[in-house]
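Here the structure is laid out as structure tokens; the discussion comes afterwards.
The values are calculated or read from the model by the stated rules, or taken from the named source; none is laboratory data. Note that the structure is a prediction, hence the values are computed from the model and not measured. Note that each Cβ is placed from the backbone with ideal geometry, even for glycine, and that neighbours are counted across all protein chains shown.
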Amino acid sequence: MLIPVGKHIRKLEERLELLSMQIMEDRRALAERNQIESEIRAVNLALSHYRAALELEKDLSIRGDN
């Protein structure tokens, strides 16, 4: 089953929001905060790639309509 790029982006944005809330919690140990920060960087990188793919997808569909 193929999942549209936009859906991947939404899921990653939701994950980023959750991680951002988690990193703000004072009760987190340093190791746990480091893990969360690492995952935030990975999610941001994935978002960057998916957004670029979405732009390419849009460009290709516009060109295909001509």
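Only one of the numbered conditions (1) of a type in the set (A, V, I, L, M); (2) in contact with a helix residue (DSSP H, G or I) (Cβ under 8 Å, 6 or more places away or on another chain); (3) not in a helix (DSSP H, G or I) is violated by L54, and that is (3). Taken as a whole, the stretch 29-36 holds at least one residue that is exposed (fewer than 13 other Cβ atoms within 10 Å of the Cβ) and in a loop (DSSP other than H, G, I, E, B). Only residues that are free of Cβ contacts under 8 Å to residues at least 12 places away in the same chain and within 16 Å of the chain's Cα centre (by Cα) were counted across the stretch 13-39, and they come to 5. For first residues located in the stretch 40-66 and surrounded by 13 or more Cβ atoms within 10 Å (Cβ to Cβ), partners that are at pLDDT 85 or above and assigned to a helix (DSSP H, G or I) and lie 6+ apart or on another chain with Cβ distances below 6 Å form the pairs I40/L19; V43/L12; V43/R15; V43/L16; A46/L12; L47/L12; Y50/H8; Y50/I9.
Taking the conditions exactly as written (touching a Leu at 6+ places or on another chain (Cβ under 8 Å) and among the acidic types (D, E)), does E13 satisfy them or not? Taking the combined requirement at face value, the residue satisfies it.
Here is a check on your reading of the model: is R10 within 20 Å of the chain's Cα centre (by Cα) and surrounded by 13 or more Cβ atoms within 10 Å (Cβ to Cβ)? So R10 fails the test.
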